[in-house]
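To keep things clear, I will list the structure first and then write my remarks on it.
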Amino acid sequence: MSAATVLRRSRAGTALAGQPPAPAGGRGARRLLVPGVLYLGVFFVLPVGTLLATSLYAPVPGGELGQYTPALRWQNYPEALGAFWPQLVRSFAFAGAATVVALVVGYPMAYVIAVRARGRRTLQGLLVVLVVAPFFTSFILRTIAWKQILADGGAVVGALRWLHVLPPDGRVSATSAAVVVGLTYSFLPFMVLPLFAALERLDPRLLEAGADLYAAPATTFRRVTLPLSMPGVVAGTLLTFIPAVGDYVNSSLLGNSTTTVMIGQVVDARFFRLLDYPTAAVLSVVLMVTILVLVTAYVRRAGTEDLV
Amino acid sequence: MTRLRLGGAVVPTFAALGFLFLLVPVAYTVLFSFNDGGKTNLVWRGFTLDAWRNPCGAPRVCSALVGSLQVGAVSTVVATTLGTLLAIGLVRARFGGRPAVDLLVFLPMATPEVVLGAALVSQFLSLRLPLGFGTVVLAHVMFCLSFVVVAVKARVSTLDPALEQAAADLYATPWQAFWRVTFPLLLPGIGAAALLAFSLSFDDFIVTSFTSGGFTTFPKFVYVSATRGIPPQANVISSAMFVLALLVVLVVQVVARARRR
């Protein structure tokens, strides 16, 4: 028996001694992981690796459009970023704005479902169904519906002009505002559902305790409800922000072709219309890395604030 | 007291506006399935049942729907199976690599769809795999898998290991213990995960558009038609799916309530 085997056995032994063994646990359970881990390895890790490699490809000298050769052409990065930083920055700005609006719109919805409708199961169930109902109709048809709703001759633009929010010839269609409205709309259910889940776990006695201690409702909200719903806020903002940054359906259907272009549209066009795979890959890699850095920083910060 | 009552009305009013915001485009989609709009269907021209009488009347709309249903069915079965195994394994297995597996499951959810699409198509192109139904299914299984794991894991961790132990004490093989004890207890979670996987796959556009080549799904059909005008038949199909999904949810809720009693 080799030393490694002894070590492994004894470690397994202490693990078993420390906790009651779960049936089908240990090695049997570990085998259950194999197919899924292999699948994600082959169809997630490997493709991301290929994407990284593609981002450094060089064009074949004298080759046709779309012909590239494996290389380490690091200039691809400054070149792509130099050309497309405005679209990249805009994607983060639009997604950030949509996330903030979704939080402001979604929080009262989640609060009403979780706290005001507490105990009334039918009403609660109905409201949850209303939140997920948009998922049952085509995402793209709903986005096109916004195009119709925000059209120049429509009631929304008419009302905004009448209220002097918009000048008499002002429009919403094909503006940044239309894209942000579309993004907010598309991912609002992803904001409401985790908020609802967090608020539902809230013990109503805590709110009563706040009132008993003569806290104004606003104070109770700020000091009790909001901090306790932070896990929902973090989950909801991430589930809204991440898909919104990479989305190009809203910006291409509701925006214009110059001042509202988001990075997803650029990646799509580089890949399929211009066969410029390295640039598309560079932008995808930058997008992915930036999001991961932001998400890590955000979760850390939210985590520490929770403890304070 | 007045302040409390004021807050009492303000919050539900805001929430109602939120619900209105969420549902107006759905109403639009349904409404325009009854529009006598011809091919473009952008402005209201009058009520008709033409599109409902002939839902496959527009070219390629029904073949796109069938494509989406096939992709959704296969992806759901594969992703739910792999994801359920992975979820049980993650809760039960004791080993040092678990944080790494957790990360592997989390990363696809933290990656925007454009990046997933671009990565997969790079991979498929470099393997010289022809794009079509197969590549779309491979891609859909990948992004549905993580969501299945999250949904099923929540259910597995509520499970009492003593139940399986009891089965083992009664001389059940691990296989019997799984099918007769664990699986029935996990079923609601697995069912919810499968529904989630199907709806993610059925409505996916971005990953599909990268990995599908000449193969068309329903969302892709709608997006491609958007420039020329979407036939009202697309609205009919979408509205019918909406009603169907609502009925499914309703039945599930009623059944769940009957069980609780």
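None of the figures in this text is laboratory data; all of them are computed from the coordinates on show. Note that the structure is a prediction, hence the values are computed from the model and not measured. Neighbour counts are summed over all protein chains in view; Cβ atoms, including those assigned to glycine, are modelled from backbone coordinates with ideal geometry.
The figures follow:
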quantity	calculated
Dipole in debye (nearest 20) - the protein assembly as shown, about Cα centre, beta carbon charges: Lys, Arg +1; Asp, Glu -1	1180 debye
Angle in degrees between helix B:232-260 and the longest Cα principal axis of chain B, rounded to the nearest 10	30 degrees
Environment charge at B:Phe221 (Cβ cut-off 12 Å; Lys +1, Arg +1, Asp -1, Glu -1)	+3
For B:25-32, mean number of other protein chain Cβ atoms within 10 Å	6
Over chain A: helical MRE at 222 nm, DSSP H runs n ≥ 4 each giving -39500 (n - 2.57), nearest 500	-22000 deg cm²/dmol
All Cα pairs of the stretch B:87-144, percent lying beyond 15 Å	59 percent
Enclosed volume per residue, in Å³, of the convex hull spanned by Cα atoms of the protein assembly as shown	214 Å³
Peptide-level mean, for B:196-209, of C-beta atoms on other protein chains within 10 Å	3
Computed [θ] at 222 nm, helices only, for chain B once each DSSP H run of length n ≥ 4 contributes -39500 (n - 2.57)	-24000 deg cm²/dmol
For A:Tyr68, residues with placed amide H under 5 Å, excluding near neighbours	A:Val60
Tensor-based shape of the stretch B:138-183 (alpha-carbon gyration tensor, a/c under 1.5 rounded, otherwise prolate or oblate)	oblate
Angle between chain B longest axis and helix B:61-92 axis [Cα atoms, degrees, rounded to 10]	20 degrees
Gyration tensor (alpha-carbon) shape descriptor, the stretch B:59-230, a/c threshold 1.5	prolate
Rg over Rh [alpha-carbon atoms, Kirkwood Rh] for the stretch A:191-266	1.26
Anisotropy class of chain A from Cα gyration tensor, a/c 1.5 cut	oblate
Shielding score for A:264-275, defined as the mean number of other chain Cβ atoms within 10 Å	3
Charge dipole of chain A about the Cα centre (unit charges at C-beta), most positive-ward option of A:Ala174, A:Ala145, A:Pro217	A:Pro217
